[in-house]
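The values are calculated or read from the model by the stated rules, or taken from the named source; none is laboratory data. Bear in mind that the values here come from a model prediction, so they are computed numbers and not experimental data. Note that we place each Cβ from the backbone using ideal geometry, even for glycine, and neighbour counts take in every protein chain shown. All accessible areas refer to the heavy atoms of the entire protein, side chains included, with ligands and DNA or RNA removed. Shrake-Rupley method; radii C 1.70, N 1.55, O 1.52, S 1.80 Å.
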Amino acid sequence: GSALAVSDPDLAKLIQEEQDRQNNNIELIASENFASRAVREAQGSVLTNKYAEGYPGKRWYGGCEVVDQVEQLAIDRAKVLFGGDHVNVQPHSGSQANMAVYFSVLKPGDTILTMDLSHGGHLTHGHFANFSGKLYNVVHYGVSQETETIDYDALEKMAMEVKPQMITAGASAYSRTIDFERMGKIAKACGAYLFVDMAHIAGLVAAGVHPSPIPHADFVSTTTHKSLRGPRGGMVFCKEEFAKKLDATVFPGTQGGPLMHVIAAKAACFGEALKPSFKEYQTQVVRNSAAMAKKLADLGFRIVSGGSDNHVFMVDLRNKGINGAEAQVALDKVGITVNKNSIPFDTGSPMKPSGIRIGTPAVTTRGMKEEDVEQVAEFISRTLAIFVAQQIHSDPSAYDALREEVTAFNRAFPMP
Ligand code: PLP
């Protein structure tokens, strides 16, 4: 039975409602996934009770003999999965992982060359509202207007002019393979560190369906909860020469006690990712993304950069007479969850951007294949057509029949 249902029925009811919401809706947020029961069991374990400041074998507290082995297991599995000289599995989140990287080798005022948020970068890549934008001199690169992909020649030219201390690669909204080898060469040529934030594509990299940044970068950070399908958290790989600095920057530099229950869940996640079924899963994620982008294009939608090589793509809605914010609300009404997203060179505002972002990691975990995500693309098209028709004839029940159809369809794909 549920202890929480007895001790705190109000909270238990809310958690049940969220479980029902996750179960009933089609989850297309590119940064979300469904962690396995095993991962959730590790994360909900008694390891939450333990303080373990420091690292395996070098702790400030007694009683760490078991959690030492847990953290070592996470470290060993992460290295088998991704390679790399050194890894720190303690960052509480992707943002804290990135903070640890910057603080390891940069001083305030140093120059970082990073991808523009509106072209797909992340807040921690130098946005003015984020610590990274406040502490460093930020210069942005982006995608070319013509191809909507990274223009490496332009980036190289910029890097040689700007001479940044660090180049940051990786993105939250970029649908094409990133050429980390080329970026490594550019960083070397201009004397910069290369930092790759592979948060979005970590699962693909682990499975070998996206080239790995590890051989080309000085630092590689990731979250563990997106395509990698683990607990909410972060991790950083680095070259051996930065290992001591990185560890000292995570603890005591920017964090206190590590979340040992989350580190246990990271170990569980890496264990799952080392199984052959994980490669099959990631291969299907990529196939689904390409198939769904193609189906939407066939239905008259413009896909940013023309398609998807990975787990995500952006849809430019301008030719459909609807913005990304409106599309997000309309899709919520039928039980399809997406997020509004700026597209490169957007003519809309951040609150009313022109696009939506669609990702396939979560629906693929629930077992969807190409024909299923093509069906979801049709649901999306029909939903947005209802929204456009609603602007002429308002009918409060307009979405009801489609919502029922979506719910019935989704029932065939149970949550883990
Ligand atoms: N880096 C990238 C590329 C991301 O997309 C995100 C999450 O959205 C993060 C870092 C930050 O991760 P977190 O939300 O765990 O701080």
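The C-beta contact set for segment 96-125 (first residue touching a residue at least 12 places away in the same chain (Cβ under 8 Å), second residue among the charged types (D, E, K, R) and within 12 Å of the ligand (Cβ to nearest atom), distance under 9 angstrom, 6+ apart or interchain) comprises A97/D197; N98/D197; V101/D197; G121/D197; H122/D197; T124/D197; H125/D197. Among the helices (runs of 4 or more DSSP H) confined to segment 1-80, the ones with at least 2 residues that are of a type in the set (D, E) and open to solvent by 60 Å² or more (accessible area, probe 1.4 Å) are located at 9-24.
Please work out if G142 is under 25 Å from the mean Cα position of the chain (by Cα) and modelled with pLDDT under 95. Give the steps one after another, and end with the answer.
Numbers: under 25 Å from the mean Cα position of the chain (by Cα): yes; modelled with pLDDT under 95: yes.
When the stated conditions are applied, G142 passes them.
F128 meets the stated requirement of being more than 13 Å from the ligand (Cβ to nearest atom) and open to solvent by 20 Å² or more (accessible area, probe 1.4 Å). The single condition among (1) under 19 Å from I29 (Cβ atoms); (2) free of Cβ contacts under 8 Å to residues at least 40 places away in the same chain; (3) open to solvent by 10 Å² or more (accessible area, probe 1.4 Å) that D298 does not meet is (1).
The requirement of being open to solvent by less than 10 Å² (accessible area, probe 1.4 Å) and not small (G, A, S) is not satisfied by V162. Out of everything in segment 170-191 that is of a type in the set (A, V, I, L, M) and out of contact with any Leu (no Cβ under 7 Å at 6 or more places or on another chain), what residue ends up being farthest from the ligand (Cβ to nearest atom)? Per the criteria, the residue is A189.
Among the residues making up segment 97-125, those that are within 23 Å of the chain's Cα centre (by Cα) and open to solvent by 20 Å² or more (accessible area, probe 1.4 Å) are M99, F103, D116, L117, S118, H119, H122, L123.
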